[in-house]
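Worksheet for the structure shown next.
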Amino acid sequence: MSFAKLLDQIGGMGRFQVINVALLAVPMLFMACHNLLQNFTAAVPSHHCHVATNSTCGGNFTTAVYCGDFLAASIPTDGGVPHKCHRFVTPQWQLLNPNFTGAEEAEAETEPCPDGWSYDGSVFASTIVTEWDLVCQFRTLKQMAQSVYMAGVLLGAILFGSLSDKFGRKPLLIWSYLLMAVAGSCAAFAPSFTVYCTFRFLTGMALSGIGLNAMSLSVEWTPMQSRATVSMVTGYSYSAGQFILVGAAYAIRDWRWLQMATSFPFFAFFLYGWWFTESARWYATVGKMDEALTELQKVARINGRKEQGEKLSLEVLKAELQQDSTAAKHSFAMADLVRTPVVRRVTCCLCFVWFSTSFAYYGLAMDLQNFGLSIFLIQVIFGAIDIPAKLIAFVAICYLGRCITQAATLILAGLSIAANIFVPQDMQLLRTLFAVFGKGCLAASFNCVFLYTGELYPTVIRQTGMGFGNTMARVGGIVAPLVRMTGEYSPSLPLVIYGAAPIVSGIAACFLPETLDRPLPDTVGDVEQLNLEQQQGEGNCRAKAFHPEAPTLCLETKGTFLDSRPVGRAEKRAPEIADVSNSS
């Protein structure tokens, strides 16, 4: 836990930390663009079967017959608008008769669109839907494109989470920038839908690498008292990115140019990413004390604490970070996320939180065209709600704690989504208000869970834990579009599922330890220590009672001396923890 003292010695939240967070936050703007890009690049304009009006209107008909009349005679209506997926085998001219009753239209033979579709180009000049006709019997391909992207994010979370624990945060972040720039730009030139999905898959992988490593680099260089502020800054960067996306989509109505505009800036991020400083905390946990000392002295110089940095030496560093050096002798893998009882409980609870937050979030955010408002307006509203929501979450995180904030945001989100089950379809304004409130709660939940996960897992498996959490989030993102299809059986069923998941996970979040005002844990033993201190009720969601007069117990776990703490339930856990330590 002494790394926090080293950070204070070299400047705390100084010039380096401010520059570091700022440079890491800028790419977050365009991460939001890519996550929600298909709201615009895959927008479905009004459409109907194509009919050859240009060759038939005019010479072959009397002047009283216009192209509009020919369209009305060729395509059946559905709720007063041309049917999207069928046309009459032969034109039904009787439909133009003012005395027409409608029975003849029902009896007329129809067929799918053999000549393709005609699209309304008044809002978007081109989308992947109009480019590859992803409508009617091919409409599920649009959802598949988003699921393929989310599958890439899923694979990226699995790969980059463990690789960055092995090779470091900086190199994985830099190459993720390059992959995002190249794959995103190539998607803009995709000649076919299959090629487009391939590059979107790679883009999703890159996005995971950026999110995971940027968060770790910012948190691991940030003093304990400033972590919530840094988390809020990165969260607001993502929210601001939604406004950038709306502005870009409003100005660029062709999907290929919009795809390029949101991808090309990552070439610049790749170039300045070489300036980033690798996490000294990570260097210490893998036993590279020379590199850790170099990075700490570099940060001290930038923060104007050169003399304090020069006082550091390998001997001092090894003495201060002895437990990190001890942890470096052990190898860590995904199995360590469930090896000890406390970390196993943390992993299970976070699994629910990550999955349901992403599941419900993308269930709402990727369905903008069904709100009956301008897609640009509703995206602005969905982005704007993040500002007060994340500010309130920030205050709650700082004063009420992470656990209560996480649970409350999820439960409120689930209740607001489920409330739309009882709101009639014609009350669009009220339905939109509930959805916007739910989306704001989910955005706040995302803000909290990124910080909370980084504080709950120790340094030796932090990226692995973040990667696993992101994996569950991406599973939720993949499943979310598929749940929308259950609406064909019951219109309320998707809302029931989207609402129930956050409520269940909000209850699960109540079983997580509180990390407010706690130093970042470096070893698995530190996490066990935190749990032992809170088992009597200190600082978690379920109880607040703490009894300092209780007898105390000293334990030694993974070579780390755990301070005195109350016995009782904690005492019963001592042999269990000791057995885990010995087996490791």
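The values are calculated or read from the model by the stated rules, or taken from the named source; none is laboratory data. None of the values given here were measured: they were computed from a predicted structure. FYI the Cβ positions are ideal-geometry reconstructions off the backbone, even for glycines, and counts take in every protein chain you see. Accessible surface is based on the protein model in full, side chains and every heavy atom, while ligands, DNA and RNA are left aside. Shrake-Rupley method; radii C 1.70, N 1.55, O 1.52, S 1.80 Å.
Quote the FRET efficiency, to the nearest 0.05, computed for VAL123 versus GLU310 with a Förster distance R0 of 45 Å and r equal to the Cβ-Cβ distance. Working from the Cβ atoms, E equals 0.15.
On full extension, the segment bounded by THR229 and LEU482 gains 87.5 nm, given 0.36 nm per residue less the C-alpha separation. Electrostatic bookkeeping for PRO114 treats Lys and Arg as +1 and Asp and Glu as -1; over the other residues with beta carbon under 13 Å from its beta carbon, the sum is -2. Computed from phi, the 3J(HN,Hα) profile of region 500-508 under the Karplus parametrisation 6.51, -1.76, 1.60 (θ = phi - 60°) reads 5, 4, x, 5, 4, 5, x, 5, 5 Hz, with x in place of Gly and Pro. Close amide H pairs (under 5 Å, H built 1.01 Å from N) link THR110 with VAL89, residues at least 5 positions away or on another chain.
Could you please report the charge total around SER126, scoring K, R as +1 and D, E as -1 over all other residues with beta-carbon less than 11 angstrom from its beta-carbon? Mind dumping the intermediate values first?
On the way: positive: ARG253, ARG256; negative: GLU131, ASP254.
After counting each charged neighbour, the total is 0.
If R0 is 60 Å, the Cβ-Cβ spacing of ALA22 and THR90 corresponds to a FRET efficiency of close to 0.35. Taking all protein chains together and rolling a 1.4 Å probe, SER490 ends up with roughly 40 Å² accessible. Within the full protein context, the accessible area of VAL51 is estimated at about 10 Å² for a probe radius of 1.4 Å.
What do you reckon, how do ARG305, ARG339 stack up by accessible area (1.4 Å probe), largest on top? Walk me through the intermediate numbers first.
Details: ARG305 85, ARG339 110 Å².
From most accessible down to least: ARG339, ARG305.
From the alpha carbon centroid of region 343-409 to that of region 111-166 is 24 Å.
Taking the convex hull of the alpha carbon positions in region 182-231 and averaging its projected area over all directions gives 4.1 nm².
When nucleic acids and ligands are ignored and a 1.4 Å probe is applied, LEU178 ends up with an accessible area of around 40 Å². For the residues PHE422, PHE243, PHE88, a 1.4 Å probe over the protein chains yields an accessible-area ranking, largest first, of PHE422, PHE243, PHE88.
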